[in-house]
Amino acid sequence: MSASDSEDVATSPTHVGIIMDGNGRWARARGSNRLAGHKQGAEVARNVVRWAKELGVRQISLYAFSTENWERPKLEVRGLMSLLAILLPKTLPEMMDNEVRFRTLGDISPLPTSARKAVEQACEETANNTGIDLILCLNYGGQQEILAAVKQTLQWAQSMPDEQQALATLNPEQFRQLMWRHDIAPLDLLIRTGGEMRISNFHLWDAAYAELYFSDVYWPDFSKEDLQLALDEYASRERRYGQTSEQVKHE
Ligand code: IPE
Ligand code: IPE
Ligand code: MG
């Protein structure tokens, strides 16, 4: 590894989240159907995990299906779920080779059985891998995650000796412990491909202080160089968390 490589790794974000957008437009530009775009997008998703690991990222979360994506045409939803059920088992050997620990974020219970089984199998078989965490966000919504944590909080408070006191003194760090993401590192870098500038209900809680990066590249065209560009941009940012630049430099 060269000196510049190790420097790059040293400034790498721990957790990168990607809104993989632009599959449909990529396909349309080629006169193909949307599912062809999703297929090519799935190839890139496979590769990006390896690239992220090589570039020193510890956790990568990929937005594969939002809570709102159920509203898409039935054929497209079915196609996306079949892709998951077919491709995930095929990708397992590669995940084992690259020491990828696979897990999900979101409520997978409404997924078709074949997709859910593939997900559960990938979670089980890769559970002891330590190379990089791949967090596939499936039927994920940031608002839904926060709402689930609120319900969890009420239950937690009821189990405390003084319920009112527990609720009155609850802070954001404790609240995060009650969220689905409690054992995931805070999001450092949020990348969205495909040119749109919105968060679309992804990682809302941690979007508070994640660095945002928007790329015009359609997801199926996203390359290792594009990921490197995003990481270079991240390395040049100053994360101030409300402090002044002088304070941050001093620390
Ligand atoms: C993102 O690409 C993939 C999913 C939401 C599953 P899109 O399918 O949203 O692609 P565009 O935005 O229509 O180009
Ligand atoms: C966000 O993309 C969801 C995923 C990438 C899975 P969308 O294409 O669904 O987002 P909107 O509808 O343009 O906001
Ligand atoms: Mg889209």
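The values are calculated or read from the model by the stated rules, or taken from the named source; none is laboratory data. No experiment lies behind these values; they were computed from the predicted model shown. Don't worry about glycine lacking a Cβ; one is built from the backbone with ideal geometry, like all the others, and counts go over all protein chains shown. All accessible areas refer to the heavy atoms of the entire protein, side chains included, with ligands and DNA or RNA removed. Shrake-Rupley method; radii C 1.70, N 1.55, O 1.52, S 1.80 Å.
Seen from every direction in turn and averaged, the convex hull around the alpha carbons of the stretch 43-119 projects onto 5.3 nm². Stretched out straight at 0.36 nm per residue, the stretch from Q164 to S82 would grow longer than its current Cα-Cα span by 24.8 nm. Accessible surface of the chain, 1.4 Å probe: 51 percent of it comes from carbon and sulfur atoms. For the stretch 196-251, applying the loop criterion from DSSP together with a ceiling of 10 other beta carbons within 10 Å to the chymotrypsin sites (Phe, Trp or Tyr not before Pro) yields Y241. Over the chain, with a Gaussian network built from C-alpha contacts below 10 Å, which listed residue (Q164, Q228, Q40) shows the highest mean-square fluctuation? Residue with maximal mean-square fluctuation among Q164, Q228, Q40: Q164. Take the chain, connect every pair of alpha-carbon atoms lying under 10 Å apart with a spring to form a Gaussian network, then pick out the residue of D221, D97, D232 with the largest mean-square fluctuation. Among D221, D97, D232, the largest mean-square fluctuation in the Gaussian network model of the chain belongs to D97. Scattering from the stretch 143-184 was approximated by placing one identical point on each alpha carbon and applying the Debye formula without solvent; log10 I(q)/I(0) at 0.20, 0.21 1/Å stands at -0.57, -0.63. Each listed q (0.08, 0.14 Å⁻¹) maps to a log10 I(q)/I(0) for the chain from the Debye sum over equal C-alpha point scatterers, namely -0.34, -1.01.
Label sites at K90 and V248, each approximated as a point 7 angstrom past Cα along Cα to Cβ, lie 4.3 nm apart. Taking each residue as 0.36 nm, the span from E196 to L154 lengthens on full extension beyond its C-alpha to C-alpha distance by 11.5 nm. Mind jotting down the distance between the C-alpha centroids of the stretch 127-195 and the stretch 223-251, whole Å? The two parts, judged by their Cα centres, are 24 Å apart.
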